[in-house]
Amino acid sequence: MNKLNQIVSPLNVPGWLNLLKAHMMQRRLSAMGLAIAVISLTTLWLLNFTTVIPSILGGSAKWALLAGLAGFTATTIGALPVLIVKGIPQRLEDSMLGFAAGMMLAASVFSLIIPALDAGQEIFLSRFTASLVVVVGLGLGVLLMLGLDEFTPHEHDKTGPCGPGHERCGKVWLFVFAIAIHNLPEGMAMGVSFANGDMQVGLPLSTAIAIQDIPEGLAVALSLSAVGMRPLYAIGITALTGLLEPLGAILGFALSSGTMWTYPVGLALAAGAMLFVVSHEVIPETHRNGHQTTATIGLMIGFALMMVLDTTLG
């Protein structure tokens with residue numbers, strides 16, 4: 001299959017739907033979890049609909065959108081070195097991804113979970129109730145990402161293709177879907193962090209995500225180049241995956257900026273989604289090549305940097 005076919009190969013919709021149904025029947029628990037997450041998210045969006053639309057029209061969502069665009073820009077900038085660099089040592093790539101994982105871990109704790117607990121206690125006047133609300137949000141985030149991972153056709157660099165109908169997609173599209181699964185929760189986290197108009201929550205989190213998007217963008221572009229794609233195409237496809245961040249930012253903002261109690265739920269949901277991605281995808285990826293120590297050091301550096309950013313900017 002030539003590169004053009006790899007890029008434009010579409011899903012056979014009727015066939016894929018049948019494959020999806022069969023896949024869901026085989027994985028009933030994952031399907032139920034995804035259904036719970038989708039129903040919960042839809043309910044939250046509907047609860048906030050009447051208050052969010054005026055906020056968006058009035059410009060209060062601009063910081064969320066700008067944060068998402070910053071993530072898109074950082075992803076694209078990270079891909080640019082593929083014009084002159086054909087590859088980097090695997091140890092360096094694993095340490096860069098470890099660094100990104102560390103920043104995502106710290107952002108989940110310092111910029112999402114802790115503010116969610118504080119907001120929940122202020123709303124419900126009980127630390128125990130606030131903790132329960134955060135646990136529910138974390139669970140919804142995990143269920144959402146588990147469902148997307150289970151039922152979206154995609155491919156990982158080391159473990160190969162997975163998901164219903166993956167054989168009907170070109171290799172490039174499978175890889176794009178895999179990165180999109182990562183970028184959507186990052187964008188949602190940015191949007192949620194600005195939903196309460198609190199720059200002390202949104203600024204450090206969005207800065208951290210944008211910084212770690214640079215090595216992620218490079219890793220994506222290099223992987224696309226490794227399968228024979230021209231550098232400019234690789235940069236373009238990488239930028240395309242980055243567009244999920246501004247989209248996710250708007251969705252996250254709409255999820256949490258209306259009804260008061262949806263704010264801590266949204267923060268926790270974004271944290272759960274990011275923690276799932278780090279634990280399920282990023283860390284295992286960095287440990288498959290025998291560079292666990294280097295990747296762990298990178299993770300600790302990223303975690304420490306995010307902690308400093310949160311303390312300084314928050």
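Numbers for the structure displayed
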item	result
Residue tally, condition touching a Pro at 6+ places or on another chain (Cβ under 9 Å) and in contact (Cβ under 8 Å) with a residue 24 or more places away in the chain, over region 96-123	13
Selection status of TYR263, over 14 Å from the mean Cα position of the chain (by Cα) and under 15 Å from GLY191 (Cβ atoms)	yes
Count of residues meeting criterion [farther than 22 Å from LEU65 by Cβ and in contact with an Asp or Glu (Cβ under 8 Å, 6 or more places away or on another chain)] in region 201-253	3
Whichever residue in region 58-77 is assigned to a loop (DSSP other than H, G, I, E, B) and crowded, with 16+ Cβ neighbours inside 10 Å and, among such residues, is farthest from the chain's Cα centre (by Cα)	SER60
Residues within region 23-45 that are modelled with pLDDT under 80 and loosely packed, with under 12 Cβ neighbours inside 10 Å, tallied	3
Flag if GLN121 is of a type outside the set (A, V, I, L, M, F, W, C), at pLDDT below 90 and over 20 Å from PHE276 (Cβ atoms)	no
Members of region 301-314 that are exposed (fewer than 15 other Cβ atoms within 10 Å of the Cβ) and not small (Gly, Ala, Ser)	VAL308, THR311, THR312
Condition broken by ALA234, with the remaining ones in (1) modelled with pLDDT of 90 or more; (2) hydrophobic (A, V, I, L, M, F, W, C); (3) within 17 Å of GLY78 (Cβ to Cβ) satisfied	(1)
Residue count for region 80-120, restricted to those that are more than 28 Å from ALA195 (Cα to Cα) and touching an Asp or Glu at 6+ places or on another chain (Cβ under 7 Å)	1
Filter result for the condition that a residue is over 19 Å from VAL192 (Cα atoms) and touching a residue at least 60 places away in the same chain (Cβ under 8 Å), over ALA304, ALA271	ALA304
Any hit, region 78-101, residues being modelled with pLDDT of 90 or more, in a helix (DSSP H, G or I) and of a type in the set (Phe, Trp, Tyr)	yes
Whichever residue in region 273-301 is under 17 Å from the mean Cα position of the chain (by Cα) and small (Gly, Ala, Ser) and, among such residues, is farthest from ASP149 (Cα to Cα)	SER279
Residue check, SER257 buried (at least 24 other Cβ atoms within 10 Å of the Cβ), hydroxyl-bearing (Ser, Thr, Tyr) and over 24 Å from THR311 (Cβ atoms)	yes
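Residues are listed down the side, and each one gets a yes or a no for (1) closer than 20 Å to GLY120 by Cβ; (2) not β-branched (Val, Ile, Thr):
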site: MET188; (1), (2): yes, yes
site: ASN196; (1), (2): yes, yes
site: ALA210; (1), (2): no, yes
site: ALA219; (1), (2): no, yes
site: MET229; (1), (2): no, yes
site: LEU232; (1), (2): no, yes
site: THR238; (1), (2): no, no
site: GLY242; (1), (2): no, yes
site: GLU245; (1), (2): no, yes
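The values are calculated or read from the model by the stated rules, or taken from the named source; none is laboratory data. Treat the numbers as computed from the prediction; the structure is a model and nothing was measured. Reconstructed Cβ throughout: ideal geometry from the backbone, glycine too, with neighbour counts over all protein chains shown.
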